[in-house]
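Take a look at the structure below.
The values are calculated or read from the model by the stated rules, or taken from the named source; none is laboratory data. Please read these numbers as outputs of a predicted model, since none were measured by experiment. Note that each Cβ is placed from the backbone with ideal geometry, even for glycine, and that neighbours are counted across all protein chains shown.
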Amino acid sequence: MMKLLHAADLHLDTPFSDTPELKQALLSVPGQLARLCRAEGCQAVLLSGDLFDGPWSRESVQTLKDAMEDMAVPVFVSPGNHDHLGAGSPYTGTRWPGNVHIFESPTVTAVEVERLGLKVYGAGYHGIDCPPLLEGFRAEGDALYHVAVLHGDPGQVGSPYCPVTAVQVRESALDYLALGHIHKGGHFRAGQTLCAWPGCAMGRGWDETGEKGALIVTLDGPAQIRTVTLEGPRFHALRTVVEGDPVAALERVLPPVPNGDYYRIELTGETERPDLVALRQVFRGFAHLELVDRTTVPVDLWGSAGEDTLEGTYFQILRSAMEHAGTEERKTLELAARISRQILEGREVELP
Ligand SMILES: [Mn+2]
């Protein structure tokens with residue numbers, strides 16, 4: 001059986017201008033991958049590009065090299081759009097450990113690890129975009145296992161980032177296609193081939209929420225993947241409806257035990273304005289808690305109903321109609337009253 005570790009989109013040296021404390025966390029990712037590789041007994045490692053975010057530091061390059069050496073198995077890298085092989089690339093300008101193979105050709109080439117019966121195909125970006133490299137590609141030869149490592153976009157046909165289609169995947173005759181580029185993990189099967197992308201290795205902001213990590217791939221018959229979450233901060237963008245007690249509303253979405261994750265919580269609903277300062281105090285155990293107040297002040301719908309004014313008569317008519325209406329019609333009448341009230345009070349009209 002063949003066991004592989006697949007990771008991508010580390011984006012080392014991400015600037016983190018708002019959250020500088022995350023620099024060190026991100027720098028721990030290569031070491032975590034090395035420990036995972038050893039603990040799982042992986043026989044090779046596939047790194048599908050964007051290992052660096054852009055301008056790279058010596059410290060990050062050295063950290064990655066040390067981790068790769070520590071993996072002590074063949075490591076294959078396919079540079080992506082963020083870490084392409086153009087001028088100043090860390091891949092061509094510096095020496096890498098002997099077990100590392102960087103796919104430097106802009107077209108697909110292959111390397112065979114004969115003692116493993118493994119043939120690995122790959123290519124590297126030479127600029128910020130890349131043509132569809134798998135168009136017309138087909139794995140060939142008598143190796144036991146055929147895998148490819150690429151930075152490619154499985155989502156859009158016209159993508160400038162090596163678009164990958166289900167037809168290409170089916171025709172590839174690969175056992176496994178290790179992609180990078182899309183930061184939220186995913187996979188699909190086409191023909192005998194499993195195409196998967198792990199997503200980014202660590203969440204770096206509000207657009208990279210939830211658990212992040214790497215994939216353990218087993219090739220023994222049809223390829224199988226298992227996601228392993230890495231240590232590091234997680235971003236959670238959540239929303240809660242306040243009905244009365246805002247503390248209860250937050251307790252519904254926050255875990256019972258505070259942690260160091262990043263939470264951005266939108267408070268919604270029709271309620272008295274929540275006191276954000278007091279709420280932050282209640283939940284001070286959460287190191288990174290951002291509260292966004294999107295609640296609206298309650299509307300006194302029927303306040304003037306029955307008064308001897310045009311407004312009072314109007315609301316009285318709506319209220320009387322509601323008494324004889326069915327459930328759906330009641331909802332419509334209440335909505336009419338609500339919109340009318342919002343207009344009368346000069347508020348923004350909120351449609352459901
Ligand atoms: Mn990326």
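A few remarks follow.
- Among the residues of region 197-238, those identified as in contact with a Leu (Cβ under 7 Å, 6 or more places away or on another chain) and buried (at least 22 other Cβ atoms within 10 Å of the Cβ) are TRP197, PRO198, ALA201, MET202, ARG204, LYS212, GLY213, ALA214, VAL217, ALA223.
- LEU194 vs. criteria under 25 Å from GLY49 (Cβ atoms) and surrounded by 20 or more Cβ atoms within 10 Å (Cβ to Cβ): yes
- Among the residues of region 5-15, some residue qualifies, meaning at least one is within 19 Å of LEU116 (Cβ to Cβ) and of a type outside the set (Gly, Ala, Ser).
- Filter result (more than 18 Å from SER172 (Cβ to Cβ), in contact with a Phe, Trp or Tyr (Cβ under 8 Å, 6 or more places away or on another chain) and modelled with pLDDT of 95 or more) within region 209-233: none
- Sole residue being more than 27 Å from LEU144 (Cα to Cα), more than 16 Å from the ligand (Cβ to nearest atom), of a type outside the set (Lys, Arg) and over 13 Å from the mean Cα position of the chain (by Cα), chosen from VAL228, VAL217, VAL247: VAL247
- Some residue of region 162-177 being within 12 Å of the ligand (Cβ to nearest atom) and either more than 24 Å from LEU51 (Cα to Cα) or modelled with pLDDT of 95 or more (or both): no
- Some residue of region 124-139 being among the aliphatic types (A, V, I, L, M), modelled with pLDDT of 95 or more and part of a helix (DSSP H, G or I): no
- Within region 304-317, restricting attention to residues that are out of contact with any Gly (no Cβ under 7 Å at 6 or more places or on another chain) and in contact (Cβ under 8 Å) with a residue 12 or more places away in the chain, the residue that is surrounded by the most Cβ atoms within 10 Å (Cβ to Cβ) is PHE315.
- Considering (1) within 16 Å of the ligand (Cβ to nearest atom); (2) of a type outside the set (Val, Ile, Thr); (3) more than 21 Å from GLY213 (Cβ to Cβ), the lone condition that GLY117 does not fulfil carries the number (1).
- Condition check for ILE182: in the same structural domain as ALA7 (by TED's automatic domain parsing), touching a residue at least 24 places away in the same chain (Cβ under 8 Å), within 30 Å of ALA44 (Cβ to Cβ) and away from the ligand (no atom under 16 Å from the Cβ): no
- Subset of region 318-331 [exposed (fewer than 13 other Cβ atoms within 10 Å of the Cβ) and of a type outside the set (Asp, Glu)]: HIS324, GLY326, THR327
- Residue within region 162-176 that is in contact (Cβ under 8 Å) with a residue 12 or more places away in the chain, closer than 22 Å to VAL29 by Cα and in the same structural domain as LEU144 (by TED's automatic domain parsing) present: no
- Residue list for region 56-84, filter: surrounded by fewer than 21 Cβ atoms within 10 Å (Cβ to Cβ) and among the aliphatic types (A, V, I, L, M): VAL61, ALA72, VAL73
- Verdict on GLU334 being surrounded by 13 or more Cβ atoms within 10 Å (Cβ to Cβ) and at pLDDT below 90: yes
- Enumerated helices (runs of 4 or more DSSP H) restricted to region 214-324, each holding at least 2 residues that are in contact with an Asp or Glu (Cβ under 6 Å, 6 or more places away or on another chain) and acidic (Asp, Glu): none
- Scanning region 55-102 for residues that are in contact (Cβ under 8 Å) with a residue 24 or more places away in the chain, under 25 Å from CYS162 (Cβ atoms) and aliphatic (A, V, I, L, M) yields VAL61, LEU64, MET68, VAL75, VAL77, LEU85, VAL100, ILE102.
- Condition check for VAL120: more than 27 Å from the chain's Cα centre (by Cα) and farther than 21 Å from LEU26 by Cα: no
- Just one of the listed residues (THR240, THR268) is away from the ligand (no atom under 16 Å from the Cβ) and at pLDDT below 95, namely THR268.
- THR332 in contact with an Asp or Glu (Cβ under 7 Å, 6 or more places away or on another chain) and either more than 26 Å from ASP207 (Cβ to Cβ) or polar (S, T, N, Q) (or both): no
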